[in-house]
Structures are given as structure tokens and as C-alpha cells.
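Reviewing the structure listed below.
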Amino acid sequence: MKLESSGSIFTKRGRIAKDNTIDTDLLVIGSGLGGLWSAWAALDSGLNRVAIVDKCSIGESSQSKMSAGATVYCTKRDPFDLWFKELVEQQKYLSRQDMVEDMLKTSGQLLEKQKEWGLWYEKMPWGSPTLHVGGTKNLKMHVLPRYKGIGGGGAIVNVIKDQVLAKGGEFYSKVMITGLLHSQGKVCGAVGVDRMTGETLTFKSRGVVIATADCSFGNTGCIGHSTGDGYKLAYDMGARLTNMEFWGSNTGSPQYSFESISDTAANFGCRFYNNKGQYFTHKYTSAGDKAEPFKIAQAMADEAENGGGPPYYFDMRSLAWRLGYQLVLKRKMTGFVTQMFEELKRQGIDPFERPMEWVPLMRTIRGGIRTDMNCMTDIPGLFAAGTAQALDPNGLNGISTVRAMWSGQQAGRQAARYINGSYDIKATGVDNLSEARSLAVKPLKNSGAIKPVEVIGLIQMIVFPYNISLKKDSKSLLMAIRAIRNLKSVMEIELAADSPHELSKAHEAMNMTLTAELYLTASLLREESRGDHYREDYQKTDNKNWLKWINLKNGGNGNIATEIEPVPLNKYKLDYRGG
Amino acid sequence: MKVIQLIDTALCKGCGSCVEVCPMDILRIDTISGLAKIAFLQECQTCYQCMVVCPTDAVSVCPRRKKIPMPFNYKMEDDENG
């Protein structure tokens with residue numbers, strides 16, 4: 001079986017002046033759901049020129065495309081209050097509740113809009129297009145999107161991509177944005193490099209939306225290209241980032257790209273085993289195998305200390321799961337997971353016949369750029385959408401997708417409003433054009449000895465150990481902070497690239513280094529355990545002292561400025577009631 | 001460890017679809033042959049995007065992925081302790 005290909009792969013580049021400058025009203029960086037919805041909403045709000053840039057291909061390489069496309073839509077028939085409460089509780093009361101509320105309340109409209117554009121969802125054998133979200137009691141997600149014969153994340157990406165094209169959005173693929181431009185404190189464009197030729201491009205705009213996804217520190221699971229690019233763009237401009245201590249974990253196969261599937265499979269009776277062939281998750285979490293994904297990952301870390309692993313195993317022999325696969329997934333689901341099942345079978349490996357080795361895996365940083373309800377950052381003219389915007393702790397299937405749609409259209413509409421009301425920034429000139437252009441190609445001109453791939457390997461050795469990622473403690477975190485700062489100082493002198501490919505990798509390495517430092521700094525500050533963030537030396541959740549966000553920003557001279565901000569629960573719909 | 005295994009030059013038409021969609025930027029069109037080539041093999045993340053978009057089935061991807069960083073691979077320890 002071969003998966004369906006997506007729609008048009010190639011996109012014609014928009015207008016570029018002879019001096020490699022692109023003039024546009026709004027620049028959108030990143031072309032997953034957050035970026036494409038931003039572009040559509042900005043065009044729909046009356047902007048004439050919107051440029052969408054991606055370091056890979058437009059839409060086709062995005063995290064949204066890589067996903068199965070499962071999305072939580074709260075329709076008129078769904079119990080909003082119940083879903084809202086469950087989501088806020090799952091997010092351990094650190095939710096931006098105003099955003100969550102608006103997202104859920106408008107998600108049904110987003111679904112209807114996409115249906116008007118030709119998107120539809122396959123029904124399950126029992127007649128409904130939804131499944132329960134793994135690790136929750138009430139939340140449901142639409143799981144099998146279809147558009148023009150395309151399935152999975154490709155369907156929800158292509159439906160909005162077509163609408164952006166129809167409205168005249170201009171696409172620029174294979175451009176790595178390396179720095180933002182500013183004028184009198186306002187963002188006014190960006191500089192980037194063409195990944196194929198190494199040429200520098202300048203985008204001049206009156207507003208910018210960052211929709212570059214989050215950071216996986218180069219890990220696989222098909223999100224190795226999420227490298228914290230937008231975090232660094234925003235940080236360098238002085239915007240605050242928040243929730244950076246939360247790093248989403250899940251479980252999966254160490255040998256094959258099976259990830260983020262066990263929470264759904266566990267609902268169909270699949271089980272986790274330790275190295276003695278015993279069930280173990282119930283010892284650490286009352287929900288056992290059906291617990292939220294991060295709790296399974298943490299249970300594996302706990303069991304390791306009791307000698308129960310690694311290795312661990314995931315047993316997919318359950319009859320319900322095999323039937324579900326045959327009746328639904330095999331026939332109707334698309335994405336790399338189903339591709340993987342088929343490729344394994346071709347190689348004589350049947351995941352339904354024997355348990356597979358299974359391990360905890362670190363996915364992506366949940367935090368990101370802090371914005372207001374309008375998705376505007378602290379910097380005038382700079383907006384954030386998708387998973388580049390700070391998400392709330394604890395990843396659940398189907399939430400990031402709807403959040404990206406919501407924040408995308410919100411950022412696009414508000415950016416258009418901002419741009420229509422702002423003065424013509426071109427008249428004031430750009431404050432940092434030559435500096436930004438110089439920094440864009442700096443690694444190419446460096447004769448240093450360290451290659452980006454080496455830096456990325458070192459970052460991974462610093463952040464992935466389980467006493468840094470799954471079960472943190474202050475001693476380990478301090479050592480890791482020292483290590484990442486040493487790496488940063490060496491990199492500033494020695495990081496070099498000798499091709500356009502390496503140049504973009506060098507920028508990714510710098511972006512990941514900053515993300516690692518932000519993750520470690522915030523992790524050390526939060527002296528409690530909450531959701532994905534587990535501190536061995538502060539094992540309890542401390543609602544008395546830590547119903548707070550940790551905000552980080554550029555403090556100058558290589559320092560990170562920190563800020564502790566109480567969650568305004570008294571202004572929110574759902575207050576913490578103890579327990 | 002294998003990831004993307006092969007681009008069959010007998011089948012490849014040099015359309016560039018795989019180069020365009022590769023999220024890790026590891027593929028290029030060879031300037032001499034005009035066909036797709038694997039330029040940076042070690043960076044492949046086994047996402048199948050190249051295989052999926054290839055109109056002539058010229059690309060093969062092995063499901064076994066390269067060694068990936070994961071929490072149990074190492075522990076952060078003092079230099080003095082090793």
C-alpha cells in the first residue's frame with residue numbers, strides 16, 4: 001500500500017526584486033496550520049500582500065502535515081463546560097484559560113468553514129467521526145480528515161493552503177529566516193537565506209507572524225526539523241517566552257517510527273510490560289496503561305530505578321486493537337504510522353503478533369512565545385501562532401492542531417488590524433538591516449572547527465539524559481546549564497558552515513542551543529512537579545506557591561532575564577479549588 | 001542503521017518532488033545526471049515524505065531508523081564521577 005500523495009508539491013515563488021528584496025504587508029514565517037491560517041485570515045481581512053516563507057516546502061514539510069490530522073472540535077452538540085474543565089485540569093491549571101475558552105468555543109466554526117472548503121471526516125464503523133482523546137474521559141477528536149483524496153495531516157493542511165493560494169498569498173519555500181528587522185522598536189520584516197543557493201533575501205513588511213513550530217532538539221518522530229527557530233527570532237527581539245520548562249514526553253519504539261500511538265492503542269486493550277514481562281504502570285499512576293502519555297514515560301523512568309527496565313515492551317496483540325486496525329486504520333488512516341505498519345509487514349515483522357520494544361521518548365517543548373489574546377507578542381507588529389506560541393503544559397492528541405488553527409486565524413486577523421492602523425514603516429528606515437544580513441551568513445565566513453551536526457549531537461547529549469528530561473534535579477540541571485553555556489561560548493567563535501545546507505543547519509544549531517538554555521533555566525526555577533515537568537527534588541505539585549508562569553526574555557550580555565507571573569485565576573472562568 | 005535506502009536511477013525522472021518535500025533538506029538534484037541523489041544521508045529522519053511523493057516509485061525507505069537520542073541513553077553526571 002502506498003499513501004496518497006498530497007496536492008501540488010511545488011509552489012511558485014512570489015515577487016522578488018532584483019536586489020533580493022520582497023516588499024509585503026505581512027510576513028508569515030512557517031507554513032503549517034498556524035502559518036497558513038494566519039495568511040488566510042490576514043488576506044481575508046483585506047491585506048493585499050502576504051508572504052508565507054518556509055525553510056522546507058510550503059505546507060508539505062510542516063509538523064501539521066506529519067500529524068495524523070486528529071483535531072478536537074467542540075461542536076454545538078458537545079458539552080463545552082465539561083471539555084473546558086477537563087482540558088484546564090489536564091493542563092494543571094496553567095492554561096491561558098481565555099485562549100482555551102475562545103479556542104473551544106470557535107472550533108466548531110472552524111470545522112464548518114473547512115467543510116465549506118471541501119474537508120470531510122470519515123466515519124468509524126459505529127457511525128461517528130470521533131474517538132476519545134487518549135488519557136481523557138470526555139474529550140473527543142475528529143480523526144480521519146479527507147480532502148481531494150488526501151488523508152491525514154495533509155488533508156487539513158491542503159484545504160487551507162488552497163484557500164491561501166486562491167486569495168493570492170505569495171509563497172517562498174526553502175528560505176530559512178535568520179533574523180527579524182526592526183524600526184523604532186517595531187518589527188518590520190526579516191532576513192533569510194535560500195537553502196539551495198545560499199543567497200540572502202530581505203523581506204520588508206509591516207508585521208510578522210512567527211509560526212515556526214516548536215523544538216524537538218533534532219529528535220526524530222518526523223519532527224527533527226522543529227528546531228526552535230521562532231523562539232530565537234522572538235527572543236532576539238526582546239519578546240518573552242513562557243512555559244519553557246514543559247517538554248512533552250510520550251513513548252514509542254526505539255527502532256521504528258512508532259510514536260504517539262500507544263495512548264490510542266491502550267484504549268483498545270494494548271498493554272505495557274517491563275523487562276520481567278509484568279504490567280507495571282499501575283504502580284505509578286492510577287489510570288495504569290490508559291494514563292496520559294507523559295505519565296507512562298515517567299512510569300518507565302520510575303520502573304527503571306526499581307530494576308524493571310529498560311527494555312520495556314508494548315503489546316499490540318489485543319483483539320480489539322487488531323480489529324480496529326483492520327477495520328479503520330488500515331483502510332482509512334494515512335500518515336507515517338500506517339506506512340510503518342505496512343513496511344514492517346513487508347520485512348516480516350508483525351507488531352500484532354509479538355510485543356515490540358518500547359521506550360520513553362521526548363517530543364517537543366510545550367512552551368514558546370508569550371502572546372496576548374490577540375496573539376501579539378510584547379513587540380509591536382510581532383505575532384505568534386501554532387506551536388511557536390506558548391502552549392499549555394501536557395500534550396494531548398488533537399489539541400495542538402485546533403490550537404494552531406485558532407491561533408493562526410487570530411494572529412492573521414489581528415495582524416491585519418494592526419497593519420491597517422499603523423504608520424508606513426518604510427518611511428522610517430530599518431535599524432538593523434546590514435547587521436541582520438551579516439549575521440545571516442556569518443557561519444559561512446567563519447573558519448572555525450565545529451560543524452553544526454557536531455553541535456546538535458552535543459546539545460542532545462546535554463538535554464536528553466533522563467535526569468534532565470524526565471526526572472530532573474537541581475544538581476543535574478546546574479551541570480547541564482554549565483555545559484550548554486560552554487557550548488554556546490565555543491560555538492560563537494568556532495561554528496562554521498561550508499555550504500548553504502550547513503548554513504541553515506548552523507542556524508538550527510544556534511536556535512536549539514538557546515532553546516536548551518531556556519528549557520534548563522525554567523526547569524531549575526520551577527521548584528515543584530507539575531505535568532510534564534517532574535523534579536526529583538521537589539516531587540509534589542505545589543499549588544500554593546506555583547500556580548505561576550515562568551517568563552524568560554533576553555537580558556542582554558548573554559543573560560536570560562526571568563520573571564514569575566501568577567496565573568490570574570481570579571479573572572478566569574475556572575479557579576483552582578484545591579485537592 | 002539504514003534510513004532512506006535508495007533512489008533508483010533507472011526509475012527517477014529528476015522531477016525534484018522528493019527534494020522539495022524533504023523536511024531535513026537531505027536530497028539534491030545531481031548537477032551531472034539531473035536525477036535525485038541522497039546528499040546528507042545521516043540526517044534522514046525516516047518520515048517517508050520522499051517515498052510518498054515520488055511519482056515513479058524510485059525511492060525506498062527502510063523502516064528501521066537511525067539511533068535516536070532518548071532518555072535512557074545517558075545520564076548527566078559530574079565529570080569526577082565519569
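The values are calculated or read from the model by the stated rules, or taken from the named source; none is laboratory data. Keep in mind it's a predicted model, so treat the numbers as computed, not measured. Virtual Cβ from ideal backbone geometry, glycine too; neighbours counted across all protein chains shown.
Numbers for the structure displayed
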| item | result |
| --- | --- |
| Single residue of the range A:464-502 satisfying the filter (more than 9 Å from chain B (Cβ to nearest Cβ) and touching a strand residue (DSSP E or B) at 6+ places or on another chain (Cβ under 6 Å)) that is nearest to A:Ser216 (Cα to Cα) | A:Lys472 |
| The range A:126-164, residues that are more than 22 Å from A:Leu323 (Cβ to Cβ), of a type in the set (A, V, I, L, M, F, W, C) and without any contact (Cβ under 8 Å) to a residue 60 or more places away in the chain | A:Val159 |
| Any hit, the range A:561-569, residues being outside any loop (DSSP other than H, G, I, E, B), free of Cβ contacts under 8 Å to residues at least 12 places away in the same chain and touching a Gly at 6+ places or on another chain (Cβ under 8 Å) | yes |
| Selection count where residues are under 28 Å from A:Val455 (Cα atoms), part of a loop (DSSP other than H, G, I, E, B) and in contact with a Leu (Cβ under 7 Å, 6 or more places away or on another chain), scope the range B:31-63 | 2 |
| Enumeration of residues in the range A:342-355 that are of a type outside the set (D, E, K, R) and buried (at least 19 other Cβ atoms within 10 Å of the Cβ) | A:Leu344, A:Pro351 |
| Any hit, the range A:271-281, residues being without any contact (Cβ under 8 Å) to a residue 24 or more places away in the chain, assigned to a loop (DSSP other than H, G, I, E, B) and either among the hydrophobic types (A, V, I, L, M, F, W, C) or touching a helix residue (DSSP H, G or I) at 6+ places or on another chain (Cβ under 8 Å) (or both) | yes |
| Of residues in the range A:445-463 being among the β-branched types (Val, Ile, Thr) and either surrounded by 19 or more Cβ atoms within 10 Å (Cβ to Cβ) or out of contact with any Lys or Arg (no Cβ under 9 Å at 6 or more places or on another chain) (or both), the one farthest from the other protein chains (Cβ to nearest Cβ) | A:Ile450 |
| Test: A:Ile9 is in a loop (DSSP other than H, G, I, E, B), modelled with pLDDT under 90 and more than 26 Å from A:Lys105 (Cα to Cα) | yes |
| Selected residue (criterion: farthest from the other protein chains (Cβ to nearest Cβ)) from residues of the range A:184-232 that are within 26 Å of A:Lys18 (Cα to Cα) and not in a strand (DSSP E or B) | A:Arg206 |
| Test: residue in the range B:59-67 that is more than 16 Å from the chain's Cα centre (by Cα), more than 8 Å from every other protein chain (Cβ to nearest Cβ), surrounded by 17 or more Cβ atoms within 10 Å (Cβ to Cβ) and of a type outside the set (D, E, K, R) | no |
| In the range A:206-227, the residues that are small (Gly, Ala, Ser) and touching a helix residue (DSSP H, G or I) at 6+ places or on another chain (Cβ under 7 Å) | A:Gly207, A:Ala211, A:Ala213, A:Gly218, A:Ser226 |
| Residue list for the range A:368-413, restricted to those being modelled with pLDDT under 95 and over 21 Å from A:Ile52 (Cα atoms) | A:Leu391, A:Asp392, A:Pro393, A:Asn394, A:Gly395, A:Leu396, A:Asn397, A:Gly398, A:Ile399 |
| Test: residue in the range A:465-486 that is within 23 Å of B:Asp25 (Cβ to Cβ) and at pLDDT 95 or above | no |
